[in-house]
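Bear in mind these aren't lab numbers, they're just calculated from the coordinates by the rules spelled out. Computed from a predicted model, the values in this text were never measured in an experiment. All Cβ positions, glycine included, derive from the backbone under ideal geometry; neighbour counts span all protein chains shown.
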Amino acid sequence: MLKSGILNPALLHLLARIRHTNTLVIADRGFPFWPQVETVDLALVADLPTVLQVLAAVRGNFHAGRAFLAEEFLRSNPPERQEALRAACAGIALEFEPHAQFKLRVPRAIGLIRTGDSIPYANLILESA
């Protein structure tokens, strides 16, 4: 029996299949459903878990080289929230792009983790290093 780290078997199975340069989406609760992308839905209630909570858990088993985010996140969120994101992504190169461009990356992802987050444009795509 697992005693620490990620305990969700579906999430562990997804993470185990990601290889070099593959991508993983961590999305908020309102992110569109993509039928061609395996989705692990962790949303429990409003804002639980958050994108940053899931990111913190995933980083223990996932080496990300860069992360893609919507540039609208910067316009829609206060500086302290932006700083929390940057701190959670310490050591990962961040690339901000228009939300429409961001969504074009989603179908190529190995999987998508849906959270209960309600922060505007909190979605991110991690690229494995």
Amide H neighbours of Ile113 under 5 Å, at least 5 residues apart or on other chains, H built in the peptide plane: list them.
-> Val25, Ile26, Ala27, Val40
Summing -39500 (n - 2.57) over every DSSP H run of at least 4 residues in the chain and dividing by its residue count gives a helix-only mean residue ellipticity at 222 nm, to the nearest 500 deg cm²/dmol, of -8000 deg cm²/dmol
So, in nm, how far is label Glu80 from label His20 when the simple model puts each one 7 Å beyond its Cα toward the Cβ?
-> 4.3 nm
Ignoring the sites themselves, what is the longest stretch of the chain with no trypsin sites (Lys or Arg not before Pro) in a DSSP loop and at most 14 other beta-carbon atoms within 10 Å?
-> 20-129
Unit charges at the beta carbon, dipole of the range 17-128: most positive-side option, Leu124, Pro98, Ile18 | Ile18
Provide the gained length on full extension for the span Phe62 to Asn8, in nm with one decimal, where the gain is 0.36 nm per separating residue minus the Cα-Cα distance.
-> 17.9 nm
Relative contact order of the chain: what whole-number percent is it, with Cα pairs under 8 angstrom and at least 6 residues apart?
-> 50 percent
Out of every Cα pair in the chain, what percent are spaced more than 17 Å from each other?
-> 54 percent
